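Please read the structure below before turning to the comments.
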């Protein structure tokens, strides 16, 4: 079997590999024994960080040995994302630093694309090569024909670079392939997207419904901890999953639904909640629009109707609907995260949003809390130039409600077509393996072969690396400063990521790369600080802190200006929808030409003798990001396949 080091053939491999690091740490920071505390004390100092192994970005402390080599990561007790406890992936981040197969030096292609032959280059040579190509492309086709695909912290700096050049085309494949339909659905219903981490008050919920969510297997750290606490306090768990998952084993109800029929179950639950008048009547009357339309829409979508589709017994459908209503408003129908399944995903998530609204859980204790965030001043720079063209002009009838650039749209607009006004000529790919993260690999390859320039920025060789014209090796998150983590939560927090060690090999942080390219492309004024350290210190001083303080504490908590975590009794709430209310009947979707109420679509059945391939998650791995991590592959080297015994 080929290893990742064999994905790229390099004409002159760099210095020898470092010794593999410590084994995967399986501790929770708040549960250290005296002996483990002594071990940490023996290590030299600690450096604050926040994790880059998954999107939860838990804050932690990094410890080194006397040689300056990173050895351990534990959680920061002040962090609301992790409460001092890291999951296996978070502690296993050490393996990213020690991985022998890391990219080590800038590389420039020596043969045609598809033949993985490169030569080592200096950073200056690589930057000059990229800048000259972008100058030619911008002059001949316009700067809008340069696009960025990103997934990770480094994308912020390349995004600044592209916007400074005049290109709006910054896309995260994770949006369309993961949570995009969910964000559109909740935006259409409540007037705001859920973002990350989602504002779920699981710790105080009385009933948690998991439908399309694998909590306990996917380590959404804070939510898993709160789910455990809720179970200890007697909360009811309802799990809808064809597999008997970890969560199903903790549930009062396990509904082994037929795959691809979740929307039918959701509509039947809505039917029961309405016909049995189990909904939160005062809440619905005060805050929602379109209840009568919804009532008429679902009147025939009974549990008996759903049984013929989902195989879930009508009695169980009614029992679980009543269980939710009995817990209202301290009930959560979990919105999930990777929600792109069968094409009608926005409508399925609309049904999830509607069900939560009927139960009165939005803005209520034990349901969805109101987040608070903290605005940090951005470094001063000139206004960005106004782009002259956009990918949207190429697809006027598609993606009408997406509020961001879609990666598959950019890819489609790169495939040669003489009728297009905006045909992409250059891609910068940072931290995402496009060969796997875009759904149509054949189409992706057609697009790549049409490019004049493909730059890949990553810590590891991936499939996409083999197609690059230039490869820029990024240092790991443990070796660099990055933007401050400022995200929505119960209380605003600022978390610092600082380098715990000097970058191994000839690797650099993304900030340095983007700024060096900005120099060569004549837009350096958009990067007013020479180093990330200077920028962070300036930002922190604007809000009464400093880099020196943050290095000591890692996480700073800001008090909420108002005690408004939940709706006040009888509060008049203005929602950011067209009606100013929670739209059970979505006027925005109707205006865009979509069904304003969720409509069940029967999906294609597998051919005779075939079965659907479903998937779960593992707490040790994050997509392909951890596939080569020696600490985590020690814990789980291969994926397992679950087969129903009757089939086997």
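Against the numbered list (1) within 18 Å of residue 474 (Cα to Cα); (2) assigned to a helix (DSSP H, G or I), residue 134 comes up short only at (1). Would you check if there is a residue in region 507-529 being in contact (Cβ under 8 Å) with a residue 40 or more places away in the chain and within 30 Å of residue 352 (Cβ to Cβ)? Checking region 507-529: not a single residue is in contact (Cβ under 8 Å) with a residue 40 or more places away in the chain and within 30 Å of residue 352 (Cβ to Cβ).
This table checks each residue for (1) crowded, with 24+ Cβ neighbours inside 10 Å; (2) in contact with a strand residue (DSSP E or B) (Cβ under 9 Å, 6 or more places away or on another chain); (3) at pLDDT below 90; (4) not assigned by TED's automatic domain parsing to the domain that holds residue 260.
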residue: 156; (1), (2), (3), (4): no, yes, no, yes
residue: 164; (1), (2), (3), (4): no, no, no, yes
residue: 193; (1), (2), (3), (4): no, no, no, no
residue: 196; (1), (2), (3), (4): no, no, yes, no
residue: 200; (1), (2), (3), (4): no, yes, no, no
residue: 204; (1), (2), (3), (4): no, no, no, no
residue: 208; (1), (2), (3), (4): yes, yes, no, no
residue: 211; (1), (2), (3), (4): no, yes, no, no
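Summed over region 503-532, the residues that are within 30 Å of residue 101 (Cα to Cα), within 28 Å of the chain's Cα centre (by Cα) and assigned to a loop (DSSP other than H, G, I, E, B) give a count of 5. Screening region 287-311 for residues that are in contact (Cβ under 8 Å) with a residue 60 or more places away in the chain and part of a helix (DSSP H, G or I) and picking the one that is surrounded by the most Cβ atoms within 10 Å (Cβ to Cβ) gives 294.
Rundown of residues vs (1) in a loop (DSSP other than H, G, I, E, B); (2) free of Cβ contacts under 8 Å to residues at least 60 places away in the same chain; (3) more than 11 Å from residue 89 (Cα to Cα); (4) in contact with a helix residue (DSSP H, G or I) (Cβ under 8 Å, 6 or more places away or on another chain), yes/no style:
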residue: 603; (1), (2), (3), (4): yes, no, yes, no
residue: 621; (1), (2), (3), (4): yes, no, no, yes
residue: 625; (1), (2), (3), (4): yes, no, no, no
residue: 640; (1), (2), (3), (4): yes, yes, yes, no
residue: 647; (1), (2), (3), (4): yes, yes, yes, no
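Selection within region 461-494: residues that are assigned to a loop (DSSP other than H, G, I, E, B) and touching a helix residue (DSSP H, G or I) at 6+ places or on another chain (Cβ under 6 Å). The member of this set that is farthest from residue 72 (Cα to Cα) is 461. Hey, does region 140-151 have a residue that's in contact with a helix residue (DSSP H, G or I) (Cβ under 7 Å, 6 or more places away or on another chain), closer than 27 Å to residue 87 by Cβ and not in a strand (DSSP E or B)? So far as region 140-151 goes, yes, one or more of its residues are in contact with a helix residue (DSSP H, G or I) (Cβ under 7 Å, 6 or more places away or on another chain), closer than 27 Å to residue 87 by Cβ and not in a strand (DSSP E or B). Scanning region 63-80 for residues that are within 16 Å of residue 550 (Cα to Cα) and touching a helix residue (DSSP H, G or I) at 6+ places or on another chain (Cβ under 6 Å) yields a total of 1. Within region 96-122, being in contact with a helix residue (DSSP H, G or I) (Cβ under 6 Å, 6 or more places away or on another chain) and either at positive phi or crowded, with 24+ Cβ neighbours inside 10 Å (or both) holds for 97, 106. For region 379-410, taking the residues that are free of Cβ contacts under 8 Å to residues at least 24 places away in the same chain and either part of a loop (DSSP other than H, G, I, E, B) or outside the structural domain of residue 163 (by TED's automatic domain parsing) (or both), the one that is nearest to the chain's Cα centre (by Cα) is identified as 399.
Against the test of being at pLDDT below 95 and surrounded by 16 or more Cβ atoms within 10 Å (Cβ to Cβ), the options 618, 648 yield a single qualifying residue, 618. Given the criteria out of contact with any helix residue (DSSP H, G or I) (no Cβ under 8 Å at 6 or more places or on another chain) and either over 17 Å from residue 112 (Cβ atoms) or not assigned by TED's automatic domain parsing to the domain that holds residue 627 (or both), does residue 418 qualify? When the stated conditions are applied, residue 418 passes them.
Here residue 438 passes the criteria (1) out of contact with any helix residue (DSSP H, G or I) (no Cβ under 6 Å at 6 or more places or on another chain); (2) more than 30 Å from residue 301 (Cα to Cα); (3) in contact (Cβ under 8 Å) with a residue 24 or more places away in the chain except the one numbered (1).
The values are calculated or read from the model by the stated rules, or taken from the named source; none is laboratory data. Just so you know, these numbers come straight off a predicted model, no measurement behind them. Positions of Cβ are generated from backbone atoms using ideal geometry, with glycine treated the same way; all protein chains shown enter the neighbour counts.
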